[in-house]
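A short write-up of the structure that comes next.
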Amino acid sequence: MGDKTQLLSIVLVARFKKPWTILAGVFVATVLNHALAAWGGAWLASLVEPKTLAWILAVIFFAFALWILIPDKEEELKSGGSFGVFITTVVAFFIAEMGDKTQLATVALAAKYSDIVTVTIGTTLGMMASNALAVCLGQKLVEKISMVWVRRIASLLFLLFGMAILAGY
């Protein structure tokens, strides 16, 4: 929670007032983006020894722990033009996810588990859950829970995931 995709969800809902259409667009963009990322992670796993891969993945998760502490800048959304709410959402989310923490986490998980379908389903469900909260609750969520604490907890979780990967090897 608290990265640019949730902020983008809030902006889209505030602008277009069509939460179900926006969630459908988020879903399509996430499936496409995370399937591509999972395929890339599985391909990477075929090139690297398991022990080396474990260290690479742990370092990635440790980097996420630090990265998530840095707040994203709210992306400015330009006019939806003639594409409509759904296509605008799909394109905006697909682009916003390129190189984002969730896409890189998907690459790392697919590299570890070598299961493109399951990783894509899992990361897509996680992305949908976090963006559904942003769409449904919007600004009310950040009024109740400090984003500083959300980031700190997420950072701690990434550290724990990195340590768990190393403990498994």
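The values are calculated or read from the model by the stated rules, or taken from the named source; none is laboratory data. All figures in this text were calculated on a predicted structure; none of them were measured in a lab. Quick reminder, even Gly has a Cβ in these numbers, built from the backbone with ideal geometry, and neighbours come from all protein chains shown.
The residues of region 85-136 that are without any contact (Cβ under 8 Å) to a residue 60 or more places away in the chain and among the small types (Gly, Ala, Ser), listed by number, are Gly99, Ala105, Gly122, Gly126, Ala129. Selection within region 127-169: residues that are among the polar types (S, T, N, Q) and modelled with pLDDT of 75 or more. The member of this set that is farthest from Lys51 (Cα to Cα) is Asn131. Of the residues in region 26-37, not one is surrounded by 19 or more Cβ atoms within 10 Å (Cβ to Cβ) and at pLDDT below 85.
Here is a check on your reading of the model: is Ile87 assigned to a helix (DSSP H, G or I) and at pLDDT 85 or above? Yes.
Among the residues of region 104-126, those identified as crowded, with 23+ Cβ neighbours inside 10 Å, more than 15 Å from Phe158 (Cβ to Cβ) and modelled with pLDDT under 90 are Ala110, Ala111. Applying the criterion of being touching a Leu at 6+ places or on another chain (Cβ under 8 Å) and under 11 Å from Phe161 (Cα atoms) to the residues of region 44-60, the residue that is modelled with the lowest pLDDT is Ile60.
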